[in-house]
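The values are calculated or read from the model by the stated rules, or taken from the named source; none is laboratory data. For clarity, every value in this text was computed on a predicted model and none was experimentally measured. Cβ placement follows ideal geometry from the backbone for every residue including glycine, while neighbour counts extend to all protein chains displayed.
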């Protein structure tokens with residue numbers, strides 16, 4: 001009955017998926033650049049964050065326009081309110097990826113403190129969580145959203161592991177303190193990203209049930 | 001005011017006062033059915049309207065919203081063949097009981113209609129009409145009532161210098177506020193509004209809505225509206241009606257407006273308020 005309106009609502013959600021995939025790529029590539037000491041790639045990620053920010057503003061504008069012109073109600077209103085919140089989280093995750101790229105540039109060609117194994121693993125887990133959260137959003141799948149929140153524990157554990165390992169390295173050889181601290185920042189960026197994803201999952205639950213609930217309590 | 005003053009004689013059962021139910025409930029329907037001859041217009045409605053609140057009744061055309069509204073002050077009595085069963089209470093008193101003084105009932109439960117309908121007389125006389133009918137003749141007392149009612153209806157400043165002019169000479173929005181003032185002049189407790197803004201422009205509509213919000217501090221308001229956004233803007237509680245397979249109006253959902261419009265419980269309400277049917 002409201003074909004144009006339905007189309008606008010669907011395209012809005014498609015745009016969120018596009019932004020989600022831009023952010024996911026940024027997270028994975030930021031750690032790839034760090035691992036391979038690929039400064040070109042790192043600089044591309046830093047520049048690419050502008051596109052993510054622009055996408056966020058574009059979608060936000062579409063939301064405002066739909067509210068102003070179509071007076072969405074009930075589940076439609078919840079979807080739009082959820083999107084407005086999800087945009088903030090996605091944009092911040094993009095900033096965390098940009099942060100990792102900047103650290104990579106800062107590290108430059110310094111000798112490595114250790115082979116990077118857990119950080120890429122953290123990035124992969126985070127990217128997977130992001131994909132699943134987007135999937136749960138489109139399918140209004142609260143169960144999947146809850147599972148994504150459970151996955152955050154794995155990222156928290158990896159963070160803890162990386163943190164302790166780097167502490168040991170620093171304790172053994174204080175000359176590594178600068179370089180190891182920068183890697184802790186990287187781990188922290190990933191850990192915060194995963195937390196942001198649990199916020200997205202809470203919005204999914206809100207869209208599906210109409211209730212706001214804290215389902216992703218992170219250890220950190 | 002005496003709880004039982006809507007009864008014609010004082011011989012009626014006074015014990016009813018004791019079981020008036022929830023103190024904050026002004027109006028109450030329990031398993032109310034309305035028939036026009038053999039047509040079952042509204043079926044099995046149970047709901048209660050809280051004191052000093054605005055309750056909106058929404059639903060597609062022909063679902064019985066206005067019919068249901070008119071049950072509250074027995075306006076359907078005027079329609080040949082109309083009959084009501086079930087319980088309809090005002091302050092805990094069954095208003096369909098024999099002995100109820102319908103004129104007194106309609107004084108305490110006033111009504112505002114879709115089209116502004118001022119009487120063809122002066123603005124002053126429009127407002128003074130009800131009090132005069134109820135025996136007030138003193139000019140000073142009438143002056144006071146007219147001023148107070150027009151003030152409450154947010155119309156005083158616009159008409160105070162032309163009270164002698166015809167009620168039909170002012171704009172549609174002003175006429176509707178005049179009709180509200182006319183209702184307020186007889187000091188009702190409940191105001192029923194049957195699509196009060198459907199003949200008004202958007203600015204006049206917003207004025208009436210703002211007025212309703214102010215009035216709801218003192219009066220209990222029930223409004224029928226076609227305009228869902230209006231229901232969302234002004235009401236505390238929303239009732240959603242639609243027709244069942246037998247074309248009778250049924251109550252699908254009744255709850256706080258903020259919940260009905262953000263998270264309706266019933267799929268049919270969801271479809272209606274998101275504009276996907278109706």
Checklist line | Of all residues making up the stretch A:70-79, the number that are in contact (Cβ under 8 Å) with a residue 12 or more places away in the chain and surrounded by fewer than 21 Cβ atoms within 10 Å (Cβ to Cβ) | finding: 3
Margin query: I'm checking my understanding of the structure. Among residues of the stretch B:234-255 that are assigned to a loop (DSSP other than H, G, I, E, B) and either within 11 Å of another protein chain (Cβ to nearest Cβ) or under 22 Å from the mean Cα position of the chain (by Cα) (or both), which one is farthest from residue A:72 (Cα to Cα)?
Written below: B:248
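Determine whether residue A:190 is crowded, with 23+ Cβ neighbours inside 10 Å and under 22 Å from residue A:36 (Cβ atoms). So that I can check it myself, show each step before the final result.
Details: crowded, with 23+ Cβ neighbours inside 10 Å: yes; under 22 Å from residue A:36 (Cβ atoms): yes.
Yes, satisfied.
When you scan the stretch A:28-36, do you find a residue that is surrounded by fewer than 16 Cβ atoms within 10 Å (Cβ to Cβ) and modelled with pLDDT of 95 or more, even just one?
So in the stretch A:28-36, the residues surrounded by fewer than 16 Cβ atoms within 10 Å (Cβ to Cβ) come out as A:36.
Remaining after also requiring modelled with pLDDT of 95 or more: A:36.
Yes: one or more hits.
Can you go through A:110, A:124, A:213 and tell me which one is within 14 Å of chain B (Cβ to nearest Cβ) and surrounded by fewer than 20 Cβ atoms within 10 Å (Cβ to Cβ)? Steps first, answer last, please.
Values: A:110 fails: within 14 Å of chain B (Cβ to nearest Cβ); A:124 fails: within 14 Å of chain B (Cβ to nearest Cβ).
When all the criteria are applied, what remains is A:213.
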Note to self: Considering only residues that are surrounded by fewer than 17 Cβ atoms within 10 Å (Cβ to Cβ), touching a residue at least 40 places away in the same chain (Cβ under 8 Å) and closer than 30 Å to residue A:83 by Cβ, which ones fall in the stretch A:147-184?
What the structure shows: A:153
Item checked: Looking only at the stretch B:256-271, and only at residues there that are part of a helix (DSSP H, G or I), within 26 Å of the chain's Cα centre (by Cα) and more than 9 Å from chain A (Cβ to nearest Cβ), the one that is surrounded by the most Cβ atoms within 10 Å (Cβ to Cβ) -> B:257
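Run down A:177, A:197, A:184 and say which single residue is within 18 Å of residue A:35 (Cβ to Cβ), touching a helix residue (DSSP H, G or I) at 6+ places or on another chain (Cβ under 9 Å) and assigned to a helix (DSSP H, G or I). Working first, answer last.
Working: A:177 fails: within 18 Å of residue A:35 (Cβ to Cβ); A:197 fails: within 18 Å of residue A:35 (Cβ to Cβ).
On inspection, the qualifying residue turns out to be A:184.
Please go through the stretch B:30-82 and give me each residue that is assigned to a loop (DSSP other than H, G, I, E, B) and within 27 Å of residue B:229 (Cβ to Cβ), ordered by number.
Residues satisfying the conditions are B:51, B:52, B:53, B:59, B:60, B:61, B:62, B:63, B:64, B:72, B:73.
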Margin query: Among the residues of the stretch A:21-32, are any assigned to a helix (DSSP H, G or I), under 30 Å from residue B:275 (Cβ atoms) and in contact with a helix residue (DSSP H, G or I) (Cβ under 7 Å, 6 or more places away or on another chain)?
Written below: no
Next item on the list: For residue B:213, work out the one condition from (1) over 20 Å from residue B:260 (Cα atoms); (2) surrounded by fewer than 19 Cβ atoms within 10 Å (Cβ to Cβ) it doesn't fulfil.
Entry: (1)
Check: Got a sec? Which of B:170, B:109, B:180, B:191 is crowded, with 19+ Cβ neighbours inside 10 Å, farther than 20 Å from residue B:222 by Cα and touching a residue at least 24 places away in the same chain (Cβ under 8 Å)?
Finding: B:170
Notebook entry, point to check: Considering A:17, A:77, which residue is within 14 Å of chain B (Cβ to nearest Cβ) and either outside any loop (DSSP other than H, G, I, E, B) or in contact with a helix residue (DSSP H, G or I) (Cβ under 7 Å, 6 or more places away or on another chain) (or both)?
Noted result: A:77
Next item on the list: Could you list all residues from the stretch B:208-230 that are assigned to a helix (DSSP H, G or I) and either more than 14 Å from chain A (Cβ to nearest Cβ) or over 24 Å from residue A:74 (Cα atoms) (or both)?
Entry: B:208, B:209, B:210, B:211, B:212, B:213, B:214, B:215
Next item on the list: Return the only residue of A:86, A:52, A:67, A:46 being within 14 Å of another protein chain (Cβ to nearest Cβ) and either surrounded by 15 or more Cβ atoms within 10 Å (Cβ to Cβ) or touching a residue at least 24 places away in the same chain (Cβ under 8 Å) (or both).
Entry: A:67
